[in-house]
Amino acid sequence: MSKNIRTRFAPSPTGQLHIGNARTAILNWIFARHAGGQFLLRIEDTDRERSTEASEKSILQDLAWLGLDWDEGPDKGGDSGPYRQSQRLGLYSEHLDRLIQNGQVYPCYCTAEELETRRQERLAKGEATQYDGRCRNLNASEARKFQADGREPAFRFRAEPEGVSFDDLVRGTIAVPGEQLGDFIVARADRMPMYNFACVVDDHRMQISHIIRGDDHVSNTPRQILIYRAFGWPLPAFAHIPMILGGDRQRLSKRHGATSVEEYRKQGYLPEALINFLSLLSWSSASGEEILSVPQLIREFDFTRISKSAAMFDAEKLNWMNGIYIRNLDPDAFAERLLPHVRQAGYPVPDAAALKPMAVLFQEKLETLSGIGPKIGFFFAETCEPETAEAAGVIRTESSQKALRVFLKETAAMASIDRAGFQALMKAVQTASGVKGKDLWMPVRIALTGQEHGPDLAGAAEILGIEKCRKRIESAIAD
Ligand code: GLU
């Protein structure tokens, strides 16, 4: 029988959900769902100074917004809880004692300053900078002397000189010689566990079968493996996924634009587009398809297709993809999703049903939902001025003015206007004024919307209504 697949996402709640971590969460989730296994959420909040409840809450919200669900987690419970490391301190302490008792972990009395001074000295001599083993074999009287000096020991793991080698599902065999590892701290003097220690205890107790995380953790894995060995625990599988780079091939950071899921949500990216886009960073489907729904992603996911090389974050591609997802929404769903962005831009719309007729006019062209802000305002304004000097110039030409005057005359007796009526009207204006094509449509568009580019004009005129249309044309005619 194949082993039960269990993956986890283990964020530290010290800020918002970063786009790189979101990708890690997505791959863990997709793989668990692909394999019919479980996906767990664990909050790594042992850094009490930097961890906040607000951050944990926002991370959970962002994951849920992306459409991820977890089988076990801090808000859900489960058989291997609690799921916050701060609530598991007793467990780490017990495990620490086990390793102290069998001599695998020893107390280290070196202070941070001493360690740093010795590190600098070795650096200057061109030597390896790992822990020099000063406290490795202290005898009882040496230890007592340190204690008498008031020193509180941290807890250091005795690394094996032969090193570690493991098979990474993405990167293949990774071998790290013992001298690169050095003895490392697993818990501070107050017994607060370090990341590597708590992570291993939890991954084992939570029966995680696959550890999928960013390759910034690849250097931690050999140390974690030593801890597994010290306890005699079986190893999970490891998969380190390549980092995400910005367009300049530097690690993705604020300089490249939005980096948190929250920012993308606010800008009006659809969660399904973001999932699709993020899962294709360093992974591709066998079919070569790029637009993949969540069920397709889950079906087609395959570890062997994760690339070793760093992934490029191509913002234009994300916009393109988001545009496709926007166009694929049915009009009601589109209006529903657009509504908060229209309100955010300051336009009062009672509900999605009221927005829908306007919304659909923009659906084809939007790349992000927040892009609606500057486009839709003309519907809500009483009057409408050309938004640029160029646009103002266009309506001032002789032929434009002529067309606008004829427009006004032809609509004098009209009580209402719909799309078909608007098309017929424009034909009549063309015949009567002799102005046609762009020379006719552009001044009318600018008069009605203030902009040279915009939605289907007949549809916009229908929503504005005949009265507003006439008023706007009138005010565009020079006295
Ligand atoms: N809390 C760690 C992080 O956010 C988890 C790393 C891991 O997945 O082991 O980077």
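Tell me, please, whether a residue that is among the aliphatic types (A, V, I, L, M), out of contact with any strand residue (DSSP E or B) (no Cβ under 7 Å at 6 or more places or on another chain) and within 16 Å of the ligand (Cβ to nearest atom) can be found in the stretch 184-194.
Going residue by residue through the stretch 184-194, those that are among the aliphatic types (A, V, I, L, M) are 185-187, 189, 192, 194.
Remaining after also requiring out of contact with any strand residue (DSSP E or B) (no Cβ under 7 Å at 6 or more places or on another chain): 192.
After this cut, where a residue has to be within 16 Å of the ligand (Cβ to nearest atom) as well, the list is 192.
The answer is yes; a qualifying residue exists.
Condition check: without any contact (Cβ under 8 Å) to a residue 40 or more places away in the chain and either buried (at least 22 other Cβ atoms within 10 Å of the Cβ) or away from the ligand (no atom under 16 Å from the Cβ) (or both). Does Ser293 satisfy that? Judged against the criteria, Ser293 is a match.
Consider the stretch 415-464 and keep the residues that are of a type in the set (S, T, N, Q) and closer than 27 Å to Ala359 by Cβ. The one that is farthest from the chain's Cα centre (by Cα) is Ser416. Under the condition of being assigned to a strand (DSSP E or B) and either without any contact (Cβ under 8 Å) to a residue 24 or more places away in the chain or out of contact with any Ser or Thr (no Cβ under 9 Å at 6 or more places or on another chain) (or both), the residues counted in the stretch 152-166 number 5.
Beta carbons closer than 9 Å, at least 6 apart along the sequence or on distinct chains, pair a first residue in the stretch 10-24 that is of a type in the set (Lys, Arg) with a second that is more than 9 Å from the ligand (Cβ to nearest atom) for Arg23/Ile241; Arg23/Ile244; Arg23/Leu278; Arg23/Ser279; Arg23/Leu281; Arg23/Ser282; Arg23/Ala311. All conditions in (1) modelled with pLDDT of 95 or more; (2) buried (at least 19 other Cβ atoms within 10 Å of the Cβ); (3) within 20 Å of the chain's Cα centre (by Cα); (4) not in a helix (DSSP H, G or I) hold for Ile275, with the sole exception of (4).
For the stretch 61-90, residues that are within 16 Å of the ligand (Cβ to nearest atom), closer than 20 Å to Leu27 by Cβ and surrounded by fewer than 21 Cβ atoms within 10 Å (Cβ to Cβ) total 1. Within the stretch 195-218, which residues are polar (S, T, N, Q) and either within 12 Å of the ligand (Cβ to nearest atom) or more than 22 Å from Arg171 (Cα to Cα) (or both)? Listed by number, the residues that qualify are Asn196, Gln207.
Which one is surrounded by the most Cβ atoms within 10 Å (Cβ to Cβ) among residues in the stretch 133-148 that are aliphatic (A, V, I, L, M) and part of a helix (DSSP H, G or I)? Walk me through it before giving the result.
Taking the stretch 133-148 as the starting set, the residues that turn out to be aliphatic (A, V, I, L, M) are 138, 140, 143, 148.
Within this subset, residues satisfying the condition of being part of a helix (DSSP H, G or I) are 140, 143, 148.
Values: Ala140: 7, Ala143: 16, Ala148: 8.
Taking the candidates together, the pick is Ala143.
No other residue among Pro443, Pro455, Pro386 is crowded, with 20+ Cβ neighbours inside 10 Å, in contact with a Ser or Thr (Cβ under 6 Å, 6 or more places away or on another chain) and either farther than 29 Å from Tyr325 by Cβ or in contact (Cβ under 8 Å) with a residue 24 or more places away in the chain (or both) apart from Pro443. Suppose we filter Leu339, Leu292 for residues that are at pLDDT 95 or above, part of a loop (DSSP other than H, G, I, E, B), more than 23 Å from Ile446 (Cα to Cα) and out of contact with any Lys or Arg (no Cβ under 8 Å at 6 or more places or on another chain); which single one remains? Residue meeting the stated conditions: Leu292. For Tyr325, the conditions (1) hydroxyl-bearing (Ser, Thr, Tyr); (2) under 30 Å from Gly172 (Cα atoms); (3) touching a Leu at 6+ places or on another chain (Cβ under 6 Å) are fulfilled apart from (2).
The values are calculated or read from the model by the stated rules, or taken from the named source; none is laboratory data. Computed from a prediction, not measured in an experiment: that's the story for all the values here. Neighbour counts are summed over all protein chains in view; Cβ atoms, including those assigned to glycine, are modelled from backbone coordinates with ideal geometry.
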